[in-house]
Structure formats: structure tokens, C-alpha cells
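Colleague: Let me begin by handing over the structure; questions about it come next.
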Amino acid sequence: MLKFSPDNNIQPARGKLLLAEPFMEDPYFRRSVVLLCEHNEEGSFGFVLNNYVDVEIDRIMDEIPPFETRISIGGPVKNSNLYYIHCLGDEIPESIEVAPGIFVGGDFAVLKSLLQRGEVDFDQLRFFVGYSGWSAHQLEEEMERKSWFVADADPNLVMDVSEDDLWGAIIRTLGKNFEHLAQLPRDPNLN
């Protein structure tokens, strides 16, 4: 028998991915994949990886040269701010490693300088408008309601803005009990 909420024993933590249950209706999180950048007793925050907006980075932020990438709506919190993750590590001082080889933030002036000199490849940097946040114990409550599955973060998938079905690709990595979820329609009323 197929289960729409198969058992998922991976616990949320910094550097893990949250995958929305297949029929979540929240427009920010429908079929979303969220990279958790922090998860502790005070709450959690991360970025939706697969909710793209059709705008160029140089239209959002002054002094950034055109950069071939897709920008994501990271979530509903502080959506007037621009955030970024990268694979540049120590090249950007003050950045914080959130998963093996994936860093958040850092000295923005250094990043701008690297971009202006053309020293950043498209697969090393991702931008987000806003972020996703949960207050203390909120994510745990949502996990108890089976609103989220948790997966390990593969840096190649996290940084890949060309994958149009990131949610389905990562759901499939959770094993045979999850594969059928990737085939479900977005709208359960469709047959």
C-alpha cells in the first residue's frame, strides 16, 4: 500500500533539507525544498531553493554586474532583503558553513569585488529574496503534523538552479517508499 506520509527518520538540523509534504497548500512552500541554515532551541531559518522569480540580480542590487543565475524567493520573512549562499568558503570572510561545502553570507563587499572581476562561476553562488523562519518549537510541531520530510543536502543539487523539479529529484533520493510521491499531481483533485 502506498503511503502519502512515509516514515522519515532524519531529524531537522543545520545543513539538512526540508521537503514540503506533497499537498501543502501554502504558496511559499508548495513542493518546496528548504536548506536549513540554522536549527536550534531558539528556532530555525533557511532558504527555499526552488521558488524562482524572473528578475536579474543587477536589477535588484546596485553595483552587482550581470550574473547568469536564477534568483529564488527564499521565504516570506524580510522579503525586501537579499541573501546568498555560496561554495567560495574562505574567499568570502565571515561566511558560515551550513553544510559541507555550502556557506551562507559573509563580507558582501568582497563578494561584489569577486563578481566584478568575473571570479565567481554560476554554480558557486545563489541569491534569495527573503528567508523562511520558524520560532522556537514551531518546526518541530510542523514535523509532528508530517508537513515536512528531511533529507541530506547534496551541494551539487543545492547549488543547481537548472533543475526544474528539485523537489521530485530529492524526494527520489529518500528511497523506494518515497518515489511514488514524485509522481503525484500538484493538485490532488486532478486525475
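The values are calculated or read from the model by the stated rules, or taken from the named source; none is laboratory data. The structure displayed is predicted, hence computed values, not measured ones. All Cβ positions, glycine included, derive from the backbone under ideal geometry; neighbour counts span all protein chains shown.
Colleague: Hey, can you tell me all the residues within region 44-71 that are modelled with pLDDT of 95 or more and in a strand (DSSP E or B)?
Modeller: Across region 44-71, the qualifying residues are S44, F45, G46, F47, V48.
Colleague: Look through region 87-96, keep the residues that are buried (at least 16 other Cβ atoms within 10 Å of the Cβ) and of a type outside the set (V, I, T), and return whichever of them is nearest to I71 (Cα to Cα). Step through it out loud before you land on a result.
Modeller: Step one: filter region 87-96 for residues buried (at least 16 other Cβ atoms within 10 Å of the Cβ), giving 87-88, 91-92, 95.
From what's left, of a type outside the set (V, I, T): 87-88, 91, 95.
Details: C87: 16, L88: 18, E91: 22, S95: 20 Å.
Within region 87-96, the match that is nearest to I71 (Cα to Cα) is C87.
Colleague: Filtering region 151-179 down to residues that are of a type in the set (V, I, T) and surrounded by 19 or more Cβ atoms within 10 Å (Cβ to Cβ), which residue is nearest to the chain's Cα centre (by Cα)? Write out each step before concluding.
Modeller: If we filter region 151-179 for residues that are of a type in the set (V, I, T), which is where we start, we get 158, 161, 170-171, 173.
Next cut, surrounded by 19 or more Cβ atoms within 10 Å (Cβ to Cβ) only: 158, 161, 170-171.
Numbers: V158: 7, V161: 11, I170: 12, I171: 14 Å.
Applying the filter and picking the extreme gives V158.
Colleague: Any idea which of A109, A99 is touching a residue at least 12 places away in the same chain (Cβ under 8 Å) and not charged (D, E, K, R)?
Modeller: Working: A109 fails: touching a residue at least 12 places away in the same chain (Cβ under 8 Å).
Going through A109, A99 in turn, the sole match is A99.
Colleague: Being more than 15 Å from S147 (Cα to Cα), small (G, A, S) and either in contact with a helix residue (DSSP H, G or I) (Cβ under 6 Å, 6 or more places away or on another chain) or not in a loop (DSSP other than H, G, I, E, B) (or both) is the filter here; which residues of region 6-43 pass it?
Modeller: Matches in region 6-43: G43 only.
Colleague: Could you please find all residues in region 107-164 being at pLDDT below 90 and either part of a strand (DSSP E or B) or of a type in the set (F, W, Y) (or both)?
Modeller: Across region 107-164, the qualifying residue is only F122.
Colleague: So, A99, is that one buried (at least 16 other Cβ atoms within 10 Å of the Cβ) and either of a type in the set (S, T, N, Q) or in contact with a Pro (Cβ under 8 Å, 6 or more places away or on another chain) (or both) or not?
Modeller: On the way: buried (at least 16 other Cβ atoms within 10 Å of the Cβ): yes; either of a type in the set (S, T, N, Q) or in contact with a Pro (Cβ under 8 Å, 6 or more places away or on another chain) (or both): yes.
Criteria met by A99.
Let's see how each residue does on (1) in contact (Cβ under 8 Å) with a residue 24 or more places away in the chain; (2) surrounded by 13 or more Cβ atoms within 10 Å (Cβ to Cβ); (3) of a type in the set (F, W, Y):
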{"residue": "Y28", "(1), (2), (3)": "yes, yes, yes"}
{"residue": "C37", "(1), (2), (3)": "yes, yes, no"}
{"residue": "F47", "(1), (2), (3)": "yes, yes, yes"}
{"residue": "P65", "(1), (2), (3)": "yes, no, no"}
{"residue": "I85", "(1), (2), (3)": "yes, yes, no"}
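Colleague: It is to be established whether one or more residues within region 87-94 are at pLDDT 95 or above and under 17 Å from the mean Cα position of the chain (by Cα).
Modeller: Yes, region 87-94 has at least one match.
Colleague: Go through region 49-60 residue by residue and tally those that are touching a residue at least 24 places away in the same chain (Cβ under 8 Å) and under 18 Å from the mean Cα position of the chain (by Cα).
Modeller: Going residue by residue through region 49-60, those that are touching a residue at least 24 places away in the same chain (Cβ under 8 Å) are 49-50, 52-53, 57, 60.
Next, only the ones that are under 18 Å from the mean Cα position of the chain (by Cα) stay: 49-50, 52-53, 57.
So the count comes out to 5.
Colleague: When residues of region 84-106 are filtered for being among the acidic types (D, E) and in a helix (DSSP H, G or I), how many remain? Let's see the steps before the verdict.
Modeller: From region 84-106, those among the acidic types (D, E) are 90-91, 94, 97; that's our starting set.
Retained after the next criterion (residues that are in a helix (DSSP H, G or I)): 90-91.
Number of matching residues: 2.
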